[in-house]
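**Q** One structure, as structure tokens, below. Some questions next.
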Amino acid sequence: MSKKSPLLVLTVFCVLSLQAQENKYPENVKLLMEKADAQMLPGHQAAPVIAIPQCKKAAALTQLVQKAGASVVIVPETEDGAALGEMAAAWDGAAIPDGWVKENSAFSVLFYKAVADRNLPHTGTSALSQEIDKGLMRYDGALADMETLCQKAATYKKAKQLMDSILSIDAHGDLPCCYDEGFELGVRQRNQVGLQKMDEGHLSSRVLISYQGQKDLDDESHAKAFAYCDDMIDQILADIHKNSAWCGLAKTHEDAIQLKAQGKKAFFLGIENGYGIGNDIRNVEHYARRGVVYMTLSHMYDNAICHSSTHSADTTLGLTPFGREVVKEMNRCGILVDVSHTSSGTFWDCIELSSAPIICSHSGAKAVFKHDRNLTDDQLRALAAKDGLVMVYIVPDYMNPQKADATIDDFMEHLQHCIQIAGIDHVGISCDFDGGGGGWGLNGDNDTINITVRLLEAGFSDQDITKLWSTNFFRVLNAVQQIAQL
């Protein structure tokens with residue numbers, strides 16, 4: 001048998017394994033496979049799988065990868081980008097010859113696209129791959145040697161396994177604001193939020209937001225605000241229904257668990273800017289019955305409910321009399337009170353008034369970067385004392401003084417500071433994609449796997465990573481819904 005035969009077997013296996021659940025195996029093959037499964041020890045970690053494109057240097061790269069302790073799969077030359085994208089789900093890294101990715105080679109471009117879309121660690125660079133990295137705001141670039149690649153691939157593999165085993169959630173996505181641009185959940189375009197990118201980033205669920213900016217406060221404007229908010233929720237529900245083979249609407253933690261068990265993504269509903277209820281308190285219950293799980297009380301300007309953190313007459317002022325009734329009604333209806341975007345006065349009023357834990361659905365740490373959208377350490381401690389939650393974003397304007405240069409490093413700095421002050425049980429993740437969020441290394445749902453990789457590299461335990469991605473948000477959601485009186 002030639003030396004190339006095992007590689008050929010691996011190649012064929014990689015292609016066939018994509019449809020393994022649909023195949024009907026011969027009985028002797030089935031028994032052999034079941035025996036192998038039975039012998040697998042709990043917690044066993046197989047070597048990471050490194051993909052190598054079929055090329056002149058494949059054999060040499062294979063020897064280097066195997067010497068570094070990883071498994072190899074040779075990817076046959078193809079111009080089927082969809083097939084490469086599917087195969088990449090089984091890869092933990094890629095070894096690419098330097099200079100191999102070229103504009104006149106469709107296979108090289110599509111192979112690199114599969115690597116880049118899933119944020120796979122890789123060796124090998126070219127002028128074109130560097131250009132692609134810049135276009136996608138990829139942060140890490142090519143790794144220097146095979147040993148580093150295999151170590152990074154092992155971490156990536158663990159990150160994938162952890163993310164796939166938990167019900168992760170990003171609690172703020174503004175894709176619905178982009179519907180008028182032709183974006184939707186099922187189409188992978190420039191939009192940062194979507195089903196394909198969630199799959200690539202191993203993200204289970206997210207909150208889709210019905211957002212609108214602040215306008216006048218007269219009766220007619222309030223009526224239009226309610227109609228606009230309600231119509232956007234109709235559009236979100238239609239988008240979810242259109243893609244019902246791959247996702248579903250979740251109103252509770254249990255709904256999301258069931259959808260994940262079915263292999264589907266779960267979407268919750270949220271409202272950004274309480275302007276959307278108009279000036280009618282009855283609309284709070286209306287939205288609760290539609291499935292809204294949280295409402296951000298204001299946006300950039302003061303409204304009939306409260307004062308804003310940004311363009312406010314006085315940020316020390318908080319809830320209006322109407323706003324106090326809104327908070328009480330949200331508690332009654334089981335809707336989370338979200339104080340992102342609100343004034344410090346509103347924050348403290350809600351801490352005192354709300355009978356349920358409150359959240360900051362997308363915020364950062366003022367100690368890291370002093371900005372009105374970020375929280376002081378006193379506010380972080382107060383959230384924790386209330387058993388509430390701050391969910392950290394990556395919005396360039398709010399991360400560091402060099403706004404355009406926001407990176408996943410900035411995100412991690414804000415996240416870790418919030419953990420240090422509020423505690424691991426009171427912090428979550430909410431990137432604000434399609435609403436101004438995104439930076440180098442963290443610029444869409446497909447990049448969320450990078451957060452888990454960074455957390456593992458920083459020494460966080462699986463349990464703590466699960467809290468940040470899942471347990472904390474659903475604990476708070478359950479607490480609010482359990483005291484609801486609908």
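**Q** Could you check, for the stretch 115-130, whether at least one of its residues is at pLDDT 95 or above and touching a Pro at 6+ places or on another chain (Cβ under 7 Å)?
**A** Scanning the stretch 115-130 turns up at least one residue that is at pLDDT 95 or above and touching a Pro at 6+ places or on another chain (Cβ under 7 Å).
**Q** Can I ask one more? Return yes or no: is Asp387 within 17 Å of Thr471 (Cα to Cα), open to solvent by 40 Å² or more (accessible area, probe 1.4 Å), charged (D, E, K, R) and not in a helix (DSSP H, G or I)? I'd like the intermediate steps shown before the answer.
**A** Values: within 17 Å of Thr471 (Cα to Cα): yes; open to solvent by 40 Å² or more (accessible area, probe 1.4 Å): yes; charged (D, E, K, R): yes; not in a helix (DSSP H, G or I): yes.
Against the criterion (within 17 Å of Thr471 (Cα to Cα), open to solvent by 40 Å² or more (accessible area, probe 1.4 Å), charged (D, E, K, R) and not in a helix (DSSP H, G or I)), Asp387 qualifies.
**Q** Inside the stretch 435-485, counting only helices (runs of 4 or more DSSP H) that do not spill past its ends, which hold 2 or more residues that are farther than 26 Å from Gln196 by Cβ and open to solvent by 10 Å² or more (accessible area, probe 1.4 Å)? Spell out the reasoning first.
**A** Numbers: elements: 448-457, 462-466, 472-482.
Where helices (runs of 4 or more DSSP H) fall fully within the stretch 435-485 and carry at least 2 residues being farther than 26 Å from Gln196 by Cβ and open to solvent by 10 Å² or more (accessible area, probe 1.4 Å), they are 462-466, 472-482.
**Q** Limited to the stretch 69-85, what total is found for residues that are farther than 13 Å from Cys150 by Cβ and surrounded by 14 or more Cβ atoms within 10 Å (Cβ to Cβ)? Lay out the reasoning, then the answer.
**A** Taking the stretch 69-85 and keeping what is farther than 13 Å from Cys150 by Cβ, we get 73-85.
Within this subset, residues satisfying the condition of being surrounded by 14 or more Cβ atoms within 10 Å (Cβ to Cβ) are 73-76, 78, 81, 83-85.
Going through the stretch 69-85 one residue at a time, the tally reaches 9.
**Q** Looking only at residues that are open to solvent by 40 Å² or more (accessible area, probe 1.4 Å) and in a loop (DSSP other than H, G, I, E, B) in the stretch 125-141, which one is nearest to Ala47 (Cα to Cα)?
**A** Asp140
**Q** Can you tell which of Ile335, Ile358, Ile394, Ile351 is more than 13 Å from Thr296 (Cβ to Cβ) and surrounded by 20 or more Cβ atoms within 10 Å (Cβ to Cβ)? Break it down stepwise before answering.
**A** Values: Ile335 fails: more than 13 Å from Thr296 (Cβ to Cβ); Ile358 fails: more than 13 Å from Thr296 (Cβ to Cβ); Ile351 fails: surrounded by 20 or more Cβ atoms within 10 Å (Cβ to Cβ).
Being more than 13 Å from Thr296 (Cβ to Cβ) and surrounded by 20 or more Cβ atoms within 10 Å (Cβ to Cβ) holds for just one of Ile335, Ile358, Ile394, Ile351, which is Ile394.
**Q** Oh, and also: Within the stretch 244-267, can you find the residues that are under 19 Å from Val293 (Cα atoms), assigned to a helix (DSSP H, G or I) and open to solvent by 60 Å² or more (accessible area, probe 1.4 Å)? Steps first, answer last, please.
**A** Start the filter on the stretch 244-267 by keeping residues that are under 19 Å from Val293 (Cα atoms), which leaves 247-260, 265-267.
Then drop every residue that is not assigned to a helix (DSSP H, G or I), which leaves 253-260.
Glu254, Ile257, Gln258, Lys260, listed by residue number.
**Q** Do we find a residue being part of a loop (DSSP other than H, G, I, E, B) and touching a residue at least 60 places away in the same chain (Cβ under 8 Å) anywhere in the stretch 356-366?
**A** From the stretch 356-366, those part of a loop (DSSP other than H, G, I, E, B) are 356-358, 366; that's our starting set.
Retained after the next criterion (residues that are touching a residue at least 60 places away in the same chain (Cβ under 8 Å)): 356-357.
Scanning the stretch 356-366 turns up at least one residue that is part of a loop (DSSP other than H, G, I, E, B) and touching a residue at least 60 places away in the same chain (Cβ under 8 Å).
**Q** Within the stretch 406-428, is even one residue among the hydroxyl-bearing types (Ser, Thr, Tyr) and open to solvent by less than 10 Å² (accessible area, probe 1.4 Å)? Quick ask: steps written out before the conclusion?
**A** Initially, the stretch 406-428 is screened for residues among the hydroxyl-bearing types (Ser, Thr, Tyr), giving 407.
Restricting the remaining residues to those that are open to solvent by less than 10 Å² (accessible area, probe 1.4 Å) gives none.
No, every residue in the stretch 406-428 fails to be among the hydroxyl-bearing types (Ser, Thr, Tyr) and open to solvent by less than 10 Å² (accessible area, probe 1.4 Å).
**Q** Something else about it: For the stretch 306-356, give me each residue that is of a type in the set (Val, Ile, Thr) and within 29 Å of the chain's Cα centre (by Cα). Step through it out loud before you land on a result.
**A** Filtering the stretch 306-356 down to residues of a type in the set (Val, Ile, Thr) leaves 310, 315-316, 320, 326-327, 335, 337, 339, 342, 346, 351.
Those that are of a type in the set (Val, Ile, Thr) and within 29 Å of the chain's Cα centre (by Cα): Thr310, Val327, Ile335, Val337, Val339, Thr342, Thr346, Ile351.
**Q** While we're here: Consider the stretch 127-141. How many of its residues are among the aliphatic types (A, V, I, L, M) and either in contact with a strand residue (DSSP E or B) (Cβ under 9 Å, 6 or more places away or on another chain) or closer than 15 Å to Asn443 by Cβ (or both)? Before you say what the answer is, go through the steps one by one.
**A** Narrowing the stretch 127-141 to residues among the aliphatic types (A, V, I, L, M): 127-128, 132, 136-137.
Keeping just the survivors that are either in contact with a strand residue (DSSP E or B) (Cβ under 9 Å, 6 or more places away or on another chain) or closer than 15 Å to Asn443 by Cβ (or both) gives 132, 136-137.
The number of residues fulfilling the criteria is 3.
**Q** While we're here: Quick one: in the stretch 99-124, of everything that is assigned to a loop (DSSP other than H, G, I, E, B) and in contact with a Ser or Thr (Cβ under 6 Å, 6 or more places away or on another chain), which residue is least open to solvent (accessible area, probe 1.4 Å)? Don't jump to the end; show me each part of the working.
**A** Filtering the stretch 99-124 for residues assigned to a loop (DSSP other than H, G, I, E, B) gives 99-105, 118-121, 124.
Add one more test, that the residue is in contact with a Ser or Thr (Cβ under 6 Å, 6 or more places away or on another chain), and what stays is 99-102.
Values: Gly99: 30, Trp100: 45, Val101: 8, Lys102: 108 Å².
It comes out as Val101.
**Q** Another question, then. Hey, could you check the stretch 78-98 for residues that are part of a loop (DSSP other than H, G, I, E, B) and without any contact (Cβ under 8 Å) to a residue 60 or more places away in the chain and say which is nearest to Ala46 (Cα to Cα)?
**A** Step one: list which residues in the stretch 78-98 are part of a loop (DSSP other than H, G, I, E, B), which gives 78-80, 91-92, 96-98.
Right, trim to without any contact (Cβ under 8 Å) to a residue 60 or more places away in the chain and you get 78-80, 91, 96-98.
Numbers: Thr78: 27, Glu79: 30, Asp80: 28, Trp91: 12, Ile96: 22, Pro97: 25, Asp98: 28 Å.
Among residues in the stretch 78-98 that are part of a loop (DSSP other than H, G, I, E, B) and without any contact (Cβ under 8 Å) to a residue 60 or more places away in the chain, the one nearest to Ala46 (Cα to Cα) is Trp91.
The values are calculated or read from the model by the stated rules, or taken from the named source; none is laboratory data. Keep in mind it's a predicted model, so treat the numbers as computed, not measured. Here Cβ is always computed from backbone atoms with ideal geometry, including for glycine, and neighbour counts include all displayed protein chains. Heads up: the accessible areas ignore ligands, DNA and RNA and are worked out on the full protein's heavy atoms, side chains in. Shrake-Rupley method; radii C 1.70, N 1.55, O 1.52, S 1.80 Å.
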